[in-house]
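Take a look at the structure below.
The values are calculated or read from the model by the stated rules, or taken from the named source; none is laboratory data. Predicted, not measured: the structure shown is a model, and the values here were computed from it. Backbone-built Cβ (ideal geometry, glycine too); neighbour counts: all protein chains shown. Remember, those area values only see protein heavy atoms, side chains included, never the ligands or the DNA or RNA. Shrake-Rupley method; radii C 1.70, N 1.55, O 1.52, S 1.80 Å.
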Amino acid sequence: MEEYSLPQRALAEVLGTALLVLVGPGSVVAALELSGKVTPAIRGGDLLGISFAFGFIIAAVVYALGKVSGCHINPAVTFGLALRKRFPWREVPAYWGAQVVGAIIGALAIWGVFAHSGIDLGMGQTSFNQSTTSWGAAVFAEGIGTFMLMFAVLGIVDSRSPSELAGLVIGGVVVAIIMIVGPITGASLNPARAFGPELVSAIGGGATHWNQLIPVYILPGLVGAGLASIVYDFIAHPRIVKQPIEEAVTHPDDGVPARDVAAVK
């Protein structure tokens with residue numbers, strides 16, 4: 001079986017997260033660039049296109065990098081896997097660091113592609129409108145969205161599931177979640193994806209929403225992923241049935257009707 005070193009896997013996480021941020025939040029900037037001064041700036045068709053951009057890039061990097069690092073590309077996913085001993089805790093800091101670095105690189109790439117208009121158009125940052133959406137609703141939206149993502153990830157990486165469908169399933173569920181949660185919070189579902197564009201926007205002199213980052217876009221995602229791991233293990237772990245030794249090892253003899261087994265014993 002092929003094994004990859006931690007530096008190889010960390011580099012894969014950097015690259016995967018960078019591509020996710022470039023294409024995902026980058027598609028938001030592209031939609032805003034094309035919409036001009038139309039109100040609302042993001043319409044239903046735009047939301048669908050953005051969600052598919054996220055879904056397709058996730059599917060692509062899962063197939064390209066999954067065999068190297070597992071393609072977590074999300075600190076919440078790494079946390080959820082480590083919580084239930086599917087991933088070693090000692091490697092969590094390396095993965096988290098790689099994912100944050102990758103997100104920053106991806107955001108810098110957005111800035112490079114769109115120049116200062118990328119900063120002006122918000123860098124694809126995730127935030128919620130505090131005048132129309134309550135903090136509780138925003139926290140719940142990000143938490144339940146990340147719960148659904150993590151639950152799907154656990155289901156498809158289960159050895160009893162068809163692993164060749166991993167990219168399609170994970171990408172597809174991201175599309176579905178963004179269609180529901182996107183209008184509320186922007187559907188980050190990923191602390192690194194939220195942090196990278198926020199930092200680069202601050203560097204470029206753009207708008208920031210630091211007060212929302214930890215309570216809405218980091219903590220609920222970690223909690224949602226952790227709960228998904230616990231719930232999945234409770235549901236999917238087969239129950240061990242205890243049987244008396246005699247009953248477990250005794251079988252009908254060939255040619256003896258089942259109704260006569262008791263007499264034989």
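Compactness of region 173-214 is given as radius of gyration and Dmax, 11.5, 34 Å, from Cα positions. Across the chain, the mean sequence separation of Cα contacts (distance under 8 Å, 6 or more residues apart), normalised by length, yields a relative contact order of 27 percent. As a ratio to 2.2 N^0.38 Å, the alpha-carbon radius of gyration computed for region 103-202 takes the value 1.23.
Carbon and sulfur atoms: what percent of the 1.4 Å accessible area of the chain do they account for? If you can, show how the numbers build up before the last one.
Details: 9170 of 13610 Å².
Carbon-and-sulfur percentage of accessible area, whole number: 67.
Helix-derived [θ] at 222 nm for the chain: sum -39500 (n - 2.57) over DSSP H runs of at least 4, divide by residue count, nearest 500?
Working: 11 runs with 176 residues, N = 265.
So the calculated ellipticity at 222 nm is -22000 deg cm²/dmol.
List, in order, the whole-Hz ³J(HN,Hα) value for each residue of region 185-190 obtained from phi through the Karplus relation with A = 6.51, B = -1.76, C = 1.60 and θ = phi - 60°; use x for Gly and Pro. In residue order, the calculated couplings are 10, x, 6, 5, 6, 7 Hz.
Between the helical axis of 219-236 and the longest alpha-carbon principal axis of the chain there is an angle of about 20 degrees.
Please give the charge dipole size of the chain, origin at the Cα centre, charges +1 on K and R Cβ atoms and -1 on D and E Cβ atoms. Round to the nearest 20 debye. Don't skip to the end; give the middle numbers.
On the way: 14 positive and 17 negative charges, 71 e Å.
Dipole size: approximately 340 debye.
Using only the Cα atoms of region 1-99, each taken as one equal point scatterer with no solvent, compute I(q) by the Debye sum, divide by I(0), and report log10 of the ratio at q = 0.22 Å⁻¹. Evaluating at q = 0.22 Å⁻¹ gives log10 I(q)/I(0) of -1.04.
Would you mind working out the accessible area per residue for the chain, using a 1.4 Å probe, and quoting it in Å²? Could the numbers behind the result be given before it?
Numbers: 13610 Å² over 265 residues.
Solvent-accessible surface per residue comes out at 51 Å².
Against the compact-protein benchmark of 2.2 N^0.38 Å, the Cα-based radius of gyration of the chain scales to 1.25.
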